[in-house]
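Below is one structure, written out as structure tokens; the observations come after it.
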Amino acid sequence: MFIKNGYLDIDELGERMPSEERFEQGPVAILECIQQIPCNPCQNACSRGAILPFQSINDTPTIDMDKCNGCGNCISACPGLAIFVVWKNYNQENSLIKLPLELLPFPEEGDSVELMNRKGEKVGTGKVIKVQKTKQNSKSRVIWVEVPKKLAMDVRHVARSNNHEK
Amino acid sequence: MRIDCDVLIIGGGPAGLCAARSLLGTGLKVLILERDPFLGGQLLKQTHMFFGSKEQYAGTRGFEIGQILTREVQASPNITVMLETVASGYYPEENFILALEKEKKLYQVYFKKVIVATGASEKSLLFEGNDLPGIYGAGAVQTLMNMYGVMPGKDIIMIGSGNIGLIVSYQLLQAGVKVKAILEAAPTVGGYFVHAAKVSRMGIPIFTQTTVKRALGRNALEGVEIVSLDSKWQYVPGTERKWPCDTLCLAVGLSPMSELLWQFQCEMRYVSELGGYVAKRNPFMQTTHPDVYIAGDVSGVEEASSAMLEGTIAGFAVSKALHKMLDSVDQVIQNSQTFLDEMHVGTIGEKIRNGLAKVEVDVCL
């Protein structure tokens, strides 16, 4: 339970969890924002209108997954760092996850990084595909990381491997 | 020395700056007294992106909001700022505020209206050894780390999982400090889930129903003895364990700095949901003393976003009371009131709503 531990269990995602069919169709945003707080910048972040307009600023966001193309513009618009993009069938073996990072030094493209789950446990290693600087926010980055397919809905953070420290 | 102004604003944090900004172009002579050597208050320590909506700078980092507001206020010819100046008391016989600048110059400040935006001070926690070096309030840790670039310690335990405890833990991690754990006496995490999720995925455990029993160490902190709490907040015998650490950070809440409001003889009420004693006020942030307005944490401990809205309301309300207002003043005040009410909707806002219900009164403007 998020309210007890500080991290959510996968079933607490509810309708924010894409179906297998949707995952088949390509990348999609996962809005891990499940508690009502006064915050709404994500509703203006999507140029395709996939994040539906709020009735109240305290609404949790609702996404139209048919409109979402997984571009990830919403990731850097979220002050809570709670939006991720998952491209499950990125290739034969691997998924691609786009996640926000505010931790220096940033990894570099091609780096091997440690993959962490919501609880901060190391669950594997992955490869950084892209380090994206965004217009909305120059101080953080969106990291594109390749992860084993079975970890697509587990990995939510990356850490630089120790052997990368200079 | 004597100073005369139309509007005196005490405190140059988010509430005071927004109040001042609401008085731009009114022709009113505005004076801000700020205790610190700079404007911005707590905003300057906030490195995270703010929540709220676009109108409240959502998505902008707190210190950048402080810089924006400071620039606007400093560029204004009708606003004077006195830094390193403490409003040390109200003298009702002559109706002035005594201000002490840089610990040497005294001023009698006369005003028509005053907006008290003094903020809040940190609460502490009672336990054996809580005076050992290495035990800080979360605000002190933020000041050292984010304002002066000084690392407060190397191996930290955080007490309190409210937004401040969670945000400061995250900032410590960003600065490269090891945060061992966050302890929370209540059965659930106090702050926003999204803040908790950020520290959780970086591997920081949050232990609910757990607190510090005593601090260990002779000349400085060497560790803490922690203990589990039952549903009645009592120690569970036999659950004590000792953890080494060199720093303990207390993020156990804030208390409004309402001393001046007592001196103004505003009607006060103790409201635990708002952090302590707060002045009763109407929807225009006017207290039961007709010349005294409040905004920000002194009117009830909340987020900086609320403080900015309250400051805006108080500033415009004062301009109206002094008949130097914009034509659209009623609309502008109403918009801010609506935003403020919206922030208090929902489960997270429930506590604040309950608290505000105890201090909101219909004193006339």
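The values are calculated or read from the model by the stated rules, or taken from the named source; none is laboratory data. As the structure is a prediction and not an experimental result, all values here were calculated from the model. Cβ placement follows ideal geometry from the backbone for every residue including glycine, while neighbour counts extend to all protein chains displayed. Calculation scope for accessible area: heavy atoms of the full protein, side chains included, ligands and nucleic acids excluded. Shrake-Rupley method; radii C 1.70, N 1.55, O 1.52, S 1.80 Å.
Along the positive direction of the dipole of segment B:124-250 (beta-carbon charges: Lys, Arg +1; Asp, Glu -1; about the Cα centre), which of B:G153, B:V199, B:T143 reaches farthest? Value: B:V199. Shown here for segment B:151-251: trypsin sites (Lys or Arg not before Pro) in loop regions (DSSP other than H, G, I, E, B) with at most 11 other Cβ atoms within 10 Å, namely B:K154, B:R218, B:K232. Taken residue by residue and averaged, Cβ atoms of other chains lying within 10 Å of the Cβ of B:128-139 number 0.
Computed extension gain for A:R22 through A:S47, at 0.36 nm per residue and net of the alpha carbon distance, reaches 7.0 nm.
So how do A:W87, B:W233, B:W243 rank on accessible area, 1.4 Å probe, biggest first, that is with the largest at the start?
Numbers: A:W87 85, B:W233 145, B:W243 60 Å².
Final ranking, largest accessible area leading: B:W233, A:W87, B:W243.
Quick one: check the C-alpha center-to-center distance for segment B:307-365 versus segment A:55-73, whole angstrom. Rounded to whole Å, the Cα centres lie 30 Å apart. Beta bridges per DSSP, both residues in segment B:124-250: antiparallel share near 40 percent. Estimated from helical segments only, the mean residue ellipticity of the protein assembly as shown at 222 nm is -5500 deg cm²/dmol, where each DSSP H run of four or more residues counts as -39500 (n - 2.57). Once you compute Rg and the Kirkwood Rh from C-alpha atoms, what is the Rg to Rh ratio for segment B:124-250? The Rg/Rh ratio comes out at 0.95. Computed on segment B:11-60, with alpha-carbon pairs under 8 angstrom and 6+ residues apart, the relative contact order is 37 percent. Over what distance in Å are the Cα centres of segment A:108-125 and segment B:33-112 separated? Using only Cα atoms, the two centres lie 43 Å from each other. With all protein chains in place and ligands, DNA and RNA left out, the 1.4 Å accessible area ranks A:D154, B:D327, A:D111 as B:D327, A:D154, A:D111, largest first. The mean count of C-beta atoms from other chains within 10 Å of the C-beta of residues in B:53-60, rounded to a whole number, is 5. In percent, rounded to a whole number, the relative contact order of segment B:124-250 is 31, using alpha-carbon pairs under 8 Å and six or more apart. For segment B:250-365, the dipole from Cβ point charges (+1 on Lys and Arg, -1 on Asp and Glu) about the Cα centre works out to 200 debye, to the nearest 20. In chain B, the longest principal axis of the Cα atoms and the axis of helix B:304-321 are about 20 degrees apart.
Whenever you get a sec, compute what percent of the accessible area on chain B sits on carbon and sulfur atoms (1.4 Å probe).
Details: 7930 of 15240 Å².
With neighbouring chains kept in place, the figure for chain B is 52 percent.
Report the net charge of residues surrounding B:G52, where surrounding means a beta-carbon distance below 11 angstrom and charges are Lys +1, Arg +1, Asp -1, Glu -1.
Here the count lands on -2.
Looking at the protein assembly as shown, the DSSP beta bridges with both ends there are about 65 percent antiparallel. Here B:Y277 sits with roughly 100 square angstrom of accessible surface, probe radius 1.4 Å.
Given segment A:23-126, what whole percent of its Cα pairs are spread farther than 24 Å?
On the way: 1544 of 5356 pairs.
The proportion of pairs with Cα distances above 24 Å equals 29 percent.
Association of chains A and B removes close to 3100 square angstrom of accessible area from solvent, both sides included, for a probe radius of 1.4 Å. With both labels modelled 7 Å from their Cα along Cα-to-Cβ, the B:D155 to B:T188 distance reads 3.5 nm.
As an exercise, identify the GluC sites (Glu not before Pro) in segment B:207-264 lying in DSSP coil whose Cβ has no more than 14 other Cβ atoms within 10 Å. Let's see the in-between values first.
Numbers: sites: B:E222, B:E225, B:E240, B:E259; in loops: B:E222, B:E240.
Here the GluC sites (Glu not before Pro) that fit, given the DSSP loop and packing criteria, are B:E240.
Counting Cβ atoms of other protein chains within 10 Å of each Cβ in A:2-15 and taking the mean gives 5. So what is the relative contact order of segment A:2-164, in percent, for Cα pairs below 8 Å that sit 6 or more residues apart? Here the relative contact order equals 19 percent.
Normalised by 2.2 N^0.38 Å, where N is the number of residues, the alpha-carbon radius of gyration of chain B equals 1.02.
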